[in-house]
Amino acid sequence: MERVDDDVDVFLHSARMADDLARLDGVIREVFPEEERVLWRGRMWGGTEQAIVGYVAVVQSRPRGGDVEWFLVGLAEQKNHSSVYVNAVEDGVYLVQARAARLGRVKVGAAAVTFRSVSDIDLDELRALLIRARELNASGDEGAK
């Protein structure tokens with residue numbers, strides 16, 4: 001995936017789930033008010049074309065190959081759901097995995113939380129998770145992975 005110069009607000013407002021994405025964007029921006037939002041486009045692992053709003057630029061080490069530019073938090077609309085990516089690890093576990101049971105009616109992957117509607121996710125718990133990701137990233141203590 002690559003950073004592109006597309007307008008993030010235009011992307012969010014033109015999405016099928018625009019209201020949900022706008023609400024999630026608001027929560028993320030509450031936690032990261034000064035951080036740049038960047039649209040990323042391209043193929044994700046698994047081969048699907050994606051567009052993801054990335055918040056907080058980080059450099060991520062990859063097990064095979066060199067370091068890559070990425071984001072600490074990402075927001076995407078998928079075919080039938082929304083996803084929030086949180087690329088932060090604490091005690092060797094991705095934060096979303098450690099807090100999955102508290103996030104609501106969601107599915108959790110390594111760093112991704114997926115849900116059909118914003119009403120399915122506990123926004124207070126998401127906010128707390130994002131705050132912890134910010135703290136880990138700022139301290140350099142594991143943080144972005």
- Message: Loop-only chymotrypsin sites (Phe, Trp or Tyr not before Pro) in the range 1-58, please: DSSP not H, G, I, E or B, and at most 16 other Cβ atoms within 10 Å.
- Response: TRP45
- Query: Counting other Cβ atoms within 10 Å of each Cβ, which GluC sites (Glu not before Pro) in the range 7-50 have at most 16 and sit in a DSSP loop?
  - Reply: GLU34, GLU36
- Query: What is the list of residues in the range 68-99 whose amide nitrogen lies under 12 Å from a point 7 angstrom out from the Cα of SER14, following Cα to Cβ?
  - Reply: none
- Which whole number in µm²/s is D for the chain by Stokes-Einstein, with the Kirkwood Rh taken over Cα pairs at 10 °C and 1.306 mPa s? 104
- Query: Loop-only check: which trypsin sites (Lys or Arg not before Pro) in the range 71-110 are DSSP coil with at most 11 other Cβ within 10 angstrom?
  - Reply: LYS79, ARG105
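Read-outs: derived from the displayed coordinates by stated rules, not from any lab. Quick caveat, the model's predicted, so the values are computed rather than measured. For neighbour counting, all protein chains shown are included, and Cβ atoms are generated from backbone atoms with ideal geometry for every residue, glycine included.
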